[in-house]
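Novice: If you scroll down you'll find the structure; I have some questions about it.
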Amino acid sequence: MTDHRIGQFLQVITIVVIATSGLALGILKSGLDYTKIIKQPTPKNAKFQNAVPAPAKNLIVEVPQTWQGQTIYHAQLKPNQKVIALTFDDGPNPKHTVQILDILKKNHVKATFFVVGAMMQTYPQIAKQVVAEGHELGNHTWNHSYRRMDRPTAASEIDRTGDIIYQNTGVKTALFRPPGGYLNNGLADYAKNQKYVVMMWSSLCGDADRHTPQVAGMVNNVLRTAKPGAIVLLHDGGGNRSRTVKALPQIIAGLKAKGYKFVTGSELLEIQAKEQATTIKAVPAVKKDGKSQ
Ligand SMILES: [Zn+2]
């Protein structure tokens, strides 16, 4: 070994030693903090607790077990349970998704975006922004095809999209929406098999119709069909969505005026699951007078 080589070798060793001790100290330090959190939950340690960020709720889009593998059009809620879910399909789109996100942020509304894998590959940053701003993502296949497909093709459409959603944003979603709402071309069957909830809709603004209505027509379509537990279909991609962008503030204002609060897809399913659980509990098998119902 030449002197020069030995010098290089020693440099490498030094770097390795420094890096290893740094790492060891880091582990030790975080280990100590962890112990403090567990053993002394006093206000003094509040700063340590705050230092451990809770995982963002919308990163794991879980659904109640009762809904896994099911299809939902809307939640069946009481007339006074005024919650509604806005959903946006076919993005991410560099123009319209961003405009929609701004409107949602201004109005403190959280929504659900059913993304197309191929669009996600092209615009990963937009999808990251959707998640960073607290919205949920759902799977809307890779190619957005309506045709009938065999199981491997359906699997590829859905799995590839689930994978790219996870790789780009860290989100694991259990929500699926079939393109065009087609339930019999193999996609929905595969999705249900994978325990996705197939999320359809009960209210649509008509922005993807062949003859897109004017803004006032879109607003009216949603407000007319709004009901507690409704799922509203809108589009942030798949065409020129400038009318949707114009209609959205009025849709939100109209729904708020009717007393609605906005929830994401998985929140709606949770509310529905709780509602069903309490309904079941609330119905006694035997009445107080002893007669069975
Ligand atoms: Zn679509």
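Bear in mind these aren't lab numbers, they're just calculated from the coordinates by the rules spelled out. Predicted model only: the values in this text are computed from it and were never measured. Reconstructed Cβ throughout: ideal geometry from the backbone, glycine too, with neighbour counts over all protein chains shown.
Novice: What list of ³J(HN,Hα) couplings, whole Hz, do you get for segment 147-157 from phi and the Karplus terms 6.51, -1.76, 1.60, once you set θ to phi - 60° and write x for glycine and proline?
Specialist: So the J values, rounded to whole Hz, are 5, 5, 9, 6, 4, x, 5, 4, 4, 5, 4.
Novice: Dipole of segment 59-172, Cα-centred, from +1 at each Lys and Arg C-beta and -1 at each Asp and Glu C-beta, to the nearest 20 debye?
Specialist: 280
Novice: Just to confirm the filter: which chymotrypsin sites (Phe, Trp or Tyr not before Pro) across segment 77-154 are DSSP coil and have at most 14 other Cβ within 10 angstrom of their Cβ?
Specialist: Those that pass, being in a loop and sparsely packed, are 146.
Novice: Towards the positive end of the charge dipole of segment 98-156, with charges on Cβ (+1 Lys, Arg; -1 Asp, Glu), say which of 132, 120, 155 has the farthest Cα.
Specialist: Working it through, the farthest residue towards the positive pole turns out to be 155.
Novice: Placing unit charges on C-beta atoms (Lys and Arg positive, Asp and Glu negative, everything else neutral), compute the dipole magnitude of segment 201-246 about its Cα centre in debye, rounded to 20.
Specialist: It comes to approximately 100 debye.
Novice: Please list, ordered by chain and number, the residues whose modelled amide H lies under 5 Å from the amide H of residue 138; skip anything fewer than 5 residues away on the same chain.
Specialist: 113, 114, 115
Novice: Further question: Taking 7 Å along the Cα-to-C-beta vector as the label spot, tell me the residue 76-residue 246 distance in nanometres, rounded to one decimal.
Specialist: Going from the residue 76 label point to the residue 246 one covers 4.0 nm.
Novice: Moving to a separate point now. Given +1 on the Cβ of Lys and Arg, -1 on the Cβ of Asp and Glu, and no further charges, what dipole in debye does segment 59-121 carry about its Cα centre, rounded to the nearest 20?
Specialist: 300
Novice: Counting other beta carbons within 10 Å of each residue's own, what order do 236, 207 fall into, fewest first?
Specialist: Ordered from fewest to most neighbouring Cβ atoms within 10 Å, 236, 207 come out as 207, 236.
Novice: So, in segment 48-206, how many Lys pairs have Cα atoms under 18 Å apart, if the pair is 8 or more places apart or on different chains?
Specialist: 14
Novice: What FRET efficiency would be calculated for the residue pair residue 256, residue 150, taking the C-beta separation as r and a Förster radius of 51 Å, to the nearest 0.05?
Specialist: So the FRET efficiency works out to roughly 0.65.
Novice: Can you sort 59, 269, 233, 248 by how many other beta carbons sit within 10 Å, fewest first?
Specialist: Final ranking by Cβ density, sparse to dense: 59, 233, 269, 248.
Novice: Between residue 102 and residue 163, what is 0.36 nm times their sequence separation minus the Cα-Cα distance? Round to one decimal in nm.
Specialist: Fully extending the segment from residue 102 to residue 163 adds 19.3 nm.
Novice: Arrange 241, 224 by Cβ neighbour counts within 10 Å, fewest through most, would you?
Specialist: With the sparsest Cβ surroundings first, the list reads 224, 241.
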